[in-house]
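Peer 1: Take this structure first; my questions come after.
No value in this document is a laboratory result; all are computed from the given coordinates. Fair warning: this is a prediction, and the values are worked out from it, not measured in the lab. Neighbour counts run over all protein chains shown; Cβ positions are idealised from the backbone, glycine included.
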Amino acid sequence: MSAATDELLVETGGAIARIVLNRPQARNALTFAMYQGLIDACGRIEADGAIKAVIVTGAGDKAFAAGTDIGQFREFRTAEDALAYERFMDRVLGAIEGLRVPVIAAVAGACTGGGAAIAAACDLRIATRDARFGFPIARTLGNCLSLENLKRLSALIGPARVKDMIFTARLVGAEEALAIGLVGEVVEDAAALSTRADELARLVAGHAPLTLRATKEGLRRLQQEAEPEGERPGDDLIRLCYTSADFREGMEAFLAKRAPEWRGR
């Protein structure tokens with residue numbers, strides 16, 4: 001099985017599938033079409049019984065993915081736009097997290113915003129020494145993470161470290177990410193990353209698939225809560241941020257490459 005678009009590449013070789021976020025000229029910032037492509041790719045991988053492991057990585061050595069392409073937020077006008085976006089993101093990350101086989105994030109360079117959320121949804125994360133992780137939204141856009149994203153990150157590194165990353169808007173380096181459990185391994189450079197990702201994928205692909213599947217699903221169920229109909233917990237927080245004047249100011253300032261003027265409304 002293989003599939004390709006200009007911005008998302010999906011290839012398989014034997015038991016290993018590789019998904020490449022392919023916008024290196026934009027630090028692999030994700031368009032909505034790329035997010036949909038991830039959902040579609042996960043569906044095809046799930047249906048292919050020959051695939052035993054998946055690698056997700058970014059094209060080039062500058063970034064895994066620098067989040068969502070900010071220009072697309074200019075179309076947002078209502079609370080419903082924001083809620084639909086966050087539900088869409090939950091579908092994207094849920095598709096990755098829900099795959100029956102292990103998913104490895106191979107991270108070089110910047111891994112921020114939606115890119116960091118994708119890496120967190122993977123089962124294993126390895127990174128180059130120059131990798132940087134974070135959600136600098138308190139400094140840039142003034143939006144927020146969904147409760148699902150907060151829960152996923154808290155399960156990885158704990159709520160105190162999630163607060164530290166978001167409140168300070170700083171990027172966590174590879175060695176710190178290793179120390180706090182955000183990544184499991186650090187390698188020297190992009191070439192070593194590709195080699196190690198392939199080795200790790202082959203390793204887990206050779207192990208008992210039902211053991212891996214049951215472990216993934218069991219851990220997922222431990223974190224899962226029944227999803228309510230209609231209004232969800234946290235919807236009020238999404239509306240608060242995405243419909244604010246601050247969000248519009250943050251977006252326009254980001255695109256204009258200037259510092260935003262926050263007003264808290």
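Peer 1: Using only Cα atoms, locate the centre of the range 194-265 and the centre of the range 52-91, then give the distance between them in Å, rounded to an integer.
Peer 2: 9
Peer 1: Still on this structure, I have one more. Report, in deg cm²/dmol and to the nearest 500, the calculated mean residue ellipticity at 222 nm for the chain, where each DSSP H run with n ≥ 4 adds -39500 (n - 2.57) and the sum is divided by the residue count.
Peer 2: After summing the helix terms and dividing by residue count, I get -14500 deg cm²/dmol.
Peer 1: Ordered by packing density, taken as the mean number of other Cβ atoms within 10 Å over each peptide's residues, highest first, how do 108-121, 139-152, 189-202 rank?
Peer 2: Order by mean packing, descending: 108-121, 139-152, 189-202.
Peer 1: Once Lys and Arg get +1 and Asp and Glu get -1 on their Cβ, which of A245, L30, A160 lies farthest toward the positive end of the dipole of the chain?
Peer 2: Value: A160.
Peer 1: Next question. Treat every Asp and Glu Cβ in the chain as -1 and every Lys and Arg Cβ as +1, leave all other atoms uncharged, and give the resulting dipole magnitude about the Cα centre to the nearest 20 debye.
Peer 2: Here the size comes out at about 340 debye.
Peer 1: Further question on the same structure: So for each of 163-170, 52-59, 242-249, 27-34 I average, over its residues, the number of other beta carbons within 10 Å; can you give me the resulting order with the highest mean first?
Peer 2: So the peptides 163-170, 52-59, 242-249, 27-34, ranked by packing, come out 52-59, 27-34, 242-249, 163-170.
Peer 1: Still on this structure, please answer the following. Can you tell me the length gained on complete extension of the stretch D236 to E217, counting 0.36 nm per residue apart and subtracting the Cα distance?
Peer 2: Fully extending the segment from D236 to E217 adds 3.9 nm.
Peer 1: Further, regarding this structure: Determine the gain in length on full extension of the stretch L210-R87; use 0.36 nm per residue of separation and subtract their C-alpha separation, reporting nm with one decimal.
Peer 2: 41.3 nm
Peer 1: Right, something else. Decide, for the range 20-121, between rounded, prolate and oblate: order the square roots of the alpha carbon gyration tensor eigenvalues as a ≥ b ≥ c, take rounded if a/c falls under 1.5, and otherwise choose prolate if a/b is larger than b/c, else oblate.
Peer 2: oblate
Peer 1: Right, next: Within the range 91-136, list the trypsin sites (Lys or Arg not before Pro) lying in a DSSP loop whose Cβ has at most 15 other Cβ atoms in a 10 Å radius.
Peer 2: R129
Peer 1: Next question. Can you find, among A53, M89, G264, the residue farthest towards the positive end of the dipole of the chain? Put +1 on the C-beta of Lys and Arg, -1 on that of Asp and Glu.
Peer 2: Selected residue: G264.
Peer 1: State the volume of the convex hull built on the alpha-carbon positions of the chain, expressed per residue in Å³ and rounded to an integer. Mind dumping the intermediate values first?
Peer 2: Details: hull volume 33.0 nm³, N = 265.
Roughly 124 Å³ of hull volume per residue.
Peer 1: Moving on to the next point. Between D61 and A47, what is 0.36 nm times their sequence separation minus the Cα-Cα distance? Round to one decimal in nm.
Peer 2: In short, 2.0 nm is gained.
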